[in-house]
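The values are calculated or read from the model by the stated rules, or taken from the named source; none is laboratory data. Everything quoted here is computed from the prediction, not taken from an experiment. With ideal geometry, Cβ positions are generated from the backbone for all residues, glycine too; neighbour counts draw on all protein chains shown.
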Amino acid sequence: MSAQRMLMKGSEAIAEAAIRAGCRCFFGYPITPQNEIPEYMSKRLPKIGGVFVQAESEVSAVNMIYGAGGAGVRVMTSSSSPGVSLMAEGFSYLVGAEVPVVIVNIVRGGPGLGGIGPSQGDYFMMTRGFGHGDQRAVVLAPSTLQEAVDLMGLAFDLADKYRSPTLLVGDGLIGQMMEPVTFPEARLDLPEKPWATTGKPKTRERNVINSLDLAPEDLEARVERLFAKYARIEADEPRCERFMLDDNPPLCLCAYGTMARIAKSAVQRLRAEGVSVGLLRPITLWPFPASAIAQQAESARQFICVELSRGQMVEDARRAVEGRRPVDFWGRAGGVVPSVEEIVAEVRRLIRDR
Amino acid sequence: MKETSVVMAGFGGQGVMSIGKILAKAAIHEGKEVTWLPSYGPEMRGGTANCTVVIADGPIGSPLVKFPDMAIVMNKQSIDKFEPELRPGGLIVVNASLIDRALARRDLVAVHVAANALAEEAGAPRSANIAILGAFMARAGDLVSIAAVEHALAETFAGKPPSLLEQNLAIFRAGLCAGAPA
Amino acid sequence: MSEQIEERAVFERTRVLTAKHTHYCPGCTHGIAHRLVAEVIDELDIQEKTIGVCPVGCAVLAYEYFDLDMQEAAHGRAPAVATGIRRVLPPDRYVFTYQGDGDLASIGMAEIVHAANRGEKITVIFINNGIYGMTGGQMAPTTLPGVKTTTSPYGRAPEECGHPIRVSELLNTLVAPRFIARGALSNPREIARAKKLIRQAFELQHTGFTFVELLSTCPTGWGLPPEKAMRWLEHNMMPFFRTGVLRAPDAMPESATPYAPDLSNDGGAAKNGAAT
C-alpha cells in the first residue's frame, strides 16, 4: 500500500502526508484554492480519532493551533494568501512562544483580494514579514507533489526539532494539480514534549506557553535564544536542487516551486538549442541556500531569477551573490503562469542585454 | 524525452475531468510520469470545465500548457476555445453530437465522433465521455496503451456493480471503433 | 520565660495560587477573582487537570499567579486557544479562559461567540469593569453611557459609540451554552455568590460551554477610591448588568432549544427543481 504510486490532487496529498506524519488535528477556514485540504481532513480525521474544527476565521484557526500545539500534539492549518495575512499575528506568537505547528500557504495572486491563480507573491511575507517582531521560521517550497508529500513530513519534524512553527508554501498549481505520489509509512515514534501544557502533575513545575517579557533584558535574552536557534537552522537546514549545473555553465537560472518546473523545461530546451545554462532551485526559502548560490557565482557569469511575482526572491539571490555577478529578474504576476517558450525567449533577451 | 499534452473540455457534468483522471491513471499503470490540472475557481461553477493531462517518460515541467498537442472537445465553447491553441499537426477529437461545425484549421488531425449518440445506443447516455475517450485512444498513438486505459477504467469503477464496468468497457470499445481511421 | 503562643492559621494563600505578589492596583478586584477561581479549582481537586488561558489586558500576567499549566493568548483569542487545548487533551481535563471586557467583548467578540456557539467544553471567566485598565483607562465596549474615559473625554455618547454590550445576554441567545451567569465582586455577599457561580461553571464544564461574567471595579481607571468604586458598581452597573443565573441545565431559556430539521422532507423543493 505505502509503496504504491497513487494519483492524487496536491491539496489532498498534502493533507494525507500530514496524517502520515502523525498530525491528527486540523483547524482551518475555507479559502480558494486550498479548500480540498480542510475538506479531506474533515472526512479523514474523525475516522482515525483525530480532530477537525472549521474555525470562524483564520485569526481563530491560527490561535487554535497555538493552543493545540502548546498542548503537545502535531497540528496544522492551511490557507491561501489573504487568509494567511490574517494569521500573521498568531504566527508571531507561535514563534515567540516556540510552539511547533505547520502552516500551509497555497499562494494566490495579490495584493488585496487579488485573484485565485497561482502566484509566488507571498515570498516576502513568508520569509521575513509574517507578523511583528524579530523572527524567522523555516519555509519549505515543494515543486512537485511527491516533494510536497516528503516536505510535509519534514515540516513536522523540523517544527518539533526546533520547537518552531514551520511553513510550507505552494501555489494554486501545486494545490490543484494531480500527480502520482508515494506516501511514507505512518509515523508512530513521535517526540516527547515535556514542556507542553497538559495539566501540572505534582512531580513537575507548571508549564507556561508564553511570549511576554516586560523587562527588556528578559525579552532580549529570549530574542538571543531564538537567534541562536536560527543560526543552527541556517547552518544545518538550507536545501536546494542543482539542475544541470555540474558543468558550471556561465548562466544560472534561479526559481522555486511551480516556476522551477517550468524553468527546468526551459533549461532543457535552451541546452538543446546550444545555450549553456542550469537551474538552482531553493527548496528552503528560509534558510535561503545562499552559500550554494555564492558557490555557483564562482563560475556563473550571470544569474536570472524567474518568479510568479514581480521580483521577491531575487533580492535574496542578489544578497547571496554580493554584487560579484549580475542577477537579473523576469516574472509574471496576478496568476499568469508563463509558458516554457516565454521563459526561453526572455532568457535569450536577458543574455543579449548583458 | 517525449512529453505529450492533452486538453479535455466540455460542459460541467460531461465528465471531462473524469476521463482526464482515467488517462492519468493509465499513464501511472505504464510507469510513466503524468500531471493532471483542472481549470478551477468560479469558472468551475457551471459553464465549461477543462483539464490538462501531460504524459511523459521523464519528469514533467509545467503542468499548465499553452499549446496542447491533443484535445478532446465535448461542446461548442470548447472547440472555439481550444482549436486555435493546438500545436500544428495536433489531434482534435470532436463530439459530433453537440458540435456541428467543421474545423477552421487544416493543419490538425480531426476525428468527429457522435459520442452522445454512441452512449445512448449503449443505454448509458451519461457515458458520452467514455465513448469519446475510446475514439481518442484510436488515434492517440503510443501515448498510453489501450490495455492500460481499460485497466484504469476497471480501477475507476471498482466498488461499483460489475455491470457498470462492462457497459462502460463496451462504450469505450464502440468509441475505439468509431474513431479508427477509415 | 517566653510565653508559648499557639499559632493557628485563619487565612491562607490558596495553594492553586503561586507566592508571587500580583501587579494589580490596590483595590482592584482581579485579586478577588483570581482567588475565587483558584479556590474552586482547589476545592474540586482538579489542579493537576486544569489548563488556564490568559488574556491581553490587566490579567496578562495571570500565568504568574495561578500554579497551573497556562498559555498566554493573543488579544481576544483566548477562546480559540482554549478550543485548541480542549480538543486535543483527554476529556477529563479542565480548560478555562480569564478575559477582560476589551479582550472578550471588543477584539475577541468573534472568538467568544463562536466558542460558545460550538459548545466548547470550557469555562470562561469574564471580568467586566467597563474600561481598558492596562492601556490607561480607555472606553470599553461595556462602558456605561455618559462615562468619561481617556477616549471618551466628554462621556460615552451612545449615538456615536453605541450602548454597552451585555455579553451574557448576547451569548444567551445561542443554543449550545450550558451555563451563563453574572455575578458582582462588590461586597462579601456578592463575592460569595460569585464563587458559587464559578464553582457551578467548572462543575458543568464537561457538559458544554460555561460562562461567568464578574462585574468588577477599576479604581485607578475610574478615578475612585476602592470602597467608592464598589458602591459605584452597585449603583450604576448592576441596574443594567443584572446579576444572576441566565442559563443553567435546570433553567434553560427558549433560545437554547435545539433545532433539528427533518431533512428527509424537502418541502417539494425537488419537484420544483431546486438544488439540494
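Worth pointing out:
- In this entry, A:Glu315 passes the filter for residues that are under 24 Å from A:Val138 (Cα atoms), modelled with pLDDT of 95 or more and not assigned by TED's automatic domain parsing to the domain that holds A:Leu167.
- Residues of region B:88-123 that turn out to be touching a Lys or Arg at 6+ places or on another chain (Cβ under 8 Å), assigned to a loop (DSSP other than H, G, I, E, B) and under 20 Å from B:Asn168 (Cα atoms), as a count: 0
- Residues located in region A:158-170, provided they are under 14 Å from the mean Cα position of the chain (by Cα) and either within 11 Å of chain B (Cβ to nearest Cβ) or surrounded by fewer than 24 Cβ atoms within 10 Å (Cβ to Cβ) (or both): A:Leu158, A:Ser164
- Index of the failed condition, A:Val336 passing every other in (1) buried (at least 19 other Cβ atoms within 10 Å of the Cβ); (2) of a type in the set (A, V, I, L, M); (3) at pLDDT below 95: (1)
- Residues of region A:113-126 satisfying the condition of being at pLDDT 95 or above and not aliphatic (A, V, I, L, M): A:Ser119, A:Gln120, A:Gly121, A:Asp122, A:Tyr123, A:Phe124
- Those residues of region C:32-61 which are surrounded by fewer than 24 Cβ atoms within 10 Å (Cβ to Cβ), of a type in the set (A, V, I, L, M, F, W, C), under 22 Å from A:Lys202 (Cβ atoms) and within 11 Å of chain A (Cβ to nearest Cβ), in sequence order: C:Ile46
- Evaluation of A:Cys25 against (1) more than 14 Å from chain C (Cβ to nearest Cβ); (2) within 15 Å of A:Val104 (Cβ to Cβ) (one fails), failing number: (1)
- Residue count for region A:171-209, restricted to those that are within 25 Å of the chain's Cα centre (by Cα), basic (Lys, Arg) and within 13 Å of chain C (Cβ to nearest Cβ): 1
- A:Ile31 meets the conditions (1) among the aliphatic types (A, V, I, L, M); (2) within 11 Å of another protein chain (Cβ to nearest Cβ); (3) part of a loop (DSSP other than H, G, I, E, B) in every case but one. The failed one is (2).
- Each residue in region A:36-74 was checked for being closer than 15 Å to A:Val104 by Cβ, more than 9 Å from chain C (Cβ to nearest Cβ) and touching an Asp or Glu at 6+ places or on another chain (Cβ under 8 Å), and 4 pass.
- C:Tyr24 vs. criteria buried (at least 24 other Cβ atoms within 10 Å of the Cβ) and over 14 Å from the mean Cα position of the chain (by Cα): no
- Odd one out for A:Thr77, checked against (1) away from chain C (no Cβ under 14 Å); (2) in a strand (DSSP E or B): (1)
- Residue within region A:294-312 that is within 14 Å of chain B (Cβ to nearest Cβ), within 24 Å of A:Leu168 (Cα to Cα) and part of a strand (DSSP E or B) present: yes
- Residue check, A:Gly83 assigned to a loop (DSSP other than H, G, I, E, B), in contact (Cβ under 8 Å) with a residue 12 or more places away in the chain, more than 9 Å from every other protein chain (Cβ to nearest Cβ) and of a type in the set (Gly, Ala, Ser): no
- Of the listed requirements (1) in a loop (DSSP other than H, G, I, E, B); (2) within 23 Å of C:Gly130 (Cβ to Cβ); (3) within 14 Å of chain A (Cβ to nearest Cβ), C:Pro90 misses just one: (2).
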